[in-house]
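Structure record follows, encoded as structure tokens.
The values are calculated or read from the model by the stated rules, or taken from the named source; none is laboratory data. Computed from a predicted model, the values in this text were never measured in an experiment. Cβ coordinates were reconstructed from backbone atoms using ideal geometry, including for glycine residues, and neighbour counts include every protein chain displayed. The accessibility values were calculated without ligands, DNA or RNA, using every heavy atom of the protein model including side chains. Shrake-Rupley method; radii C 1.70, N 1.55, O 1.52, S 1.80 Å.
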Amino acid sequence: MTPIKFVVSGPVGAGKTTFIRTISQVEVVSTEEKSTEEIGKTHTTVALDFGQMNLGDHVLHLFGTPGQTRFDYMWDVLSEGAMGLILLVPCDAPHEFPHAKRILEHVVSRHPLEFILGLTRTDVATNGWDVAEVAAYFDLPEQQVIAVHPGNAASARYTLQTLLKRI
Ligand SMILES: Nc1nc2c(ncn2[C@@H]2O[C@H](COP(=O)(O)OP(=O)(O)O)[C@@H](O)[C@H]2O)c(=O)[nH]1
Ligand SMILES: [Mg+2]
């Protein structure tokens, strides 16, 4: 069966690499290097993360994008042929929302795919934005925005199922 390709994108620290590592049933291919930008962590994804999982009758291939802006061209490389996009957005980093919106508008306008916005860090943030506020900011219906815990397998799985249902 042809695998279904999903892209996991979003700003640095949104939980993309964690999400793919949590859900993958094969060893994840990661390309982490020392960061050249001041992004609050020492290592970051530079080309892609790749993971794979079976969900019902489907084989999902998950491609995570890098976060640093100098790798923005990877959005298109990785979105080629993808059926879905999971845009992870950290609820407590509103300064990253414009960047996330740019990713979304860029990818959705060039690639025919379905997407959902996964709001992360809702378990640790004390002053984070909630689903309704983020939906309004991104001009999306609330059903298209869900809270995601990237390190939690059930939550990550639910996120993929929700996206799959839209397709
Ligand atoms: N508690 C908690 N930690 C998170 C969440 N999302 C991301 N993190 C943590 O934030 C850090 C950066 O995550 P990472 O997956 O490297 O982000 P990436 O830059 O999007 O690939 C890791 O230590 C994650 O465990 C979340 O929803 N809850
Ligand atoms: Mg990463």
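In table form, for the structure just shown:
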{"quantity": "Selection status of residue 119, touching a residue at least 40 places away in the same chain (Cβ under 8 Å) and either more than 15 Å from the chain's Cα centre (by Cα) or open to solvent by less than 40 Å² (accessible area, probe 1.4 Å) (or both)", "calculated": "no"}
{"quantity": "Residue among 84, 67, 15 that is surrounded by 15 or more Cβ atoms within 10 Å (Cβ to Cβ) and on the phi > 0 side of the Ramachandran plot", "calculated": "15"}
{"quantity": "Inter-residue pairs, beta-carbon under 6 Å, first closer than 11 Å to residue 156 by Cβ and of a type in the set (Ser, Thr, Tyr) and in the stretch 7-32, second open to solvent by less than 40 Å² (accessible area, probe 1.4 Å) and within 11 Å of ligand 1 (Cβ to nearest atom), 6+ apart", "calculated": "18/150; 22/156"}
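One line per residue, one yes/no per condition, for (1) under 18 Å from residue 163 (Cα atoms); (2) of a type outside the set (Asp, Glu):
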| residue | (1), (2) |
| --- | --- |
| 59 | yes, yes |
| 65 | yes, yes |
| 69 | no, yes |
| 89 | yes, yes |
| 96 | no, no |
| 107 | yes, yes |
| 125 | no, yes |
| 132 | no, yes |
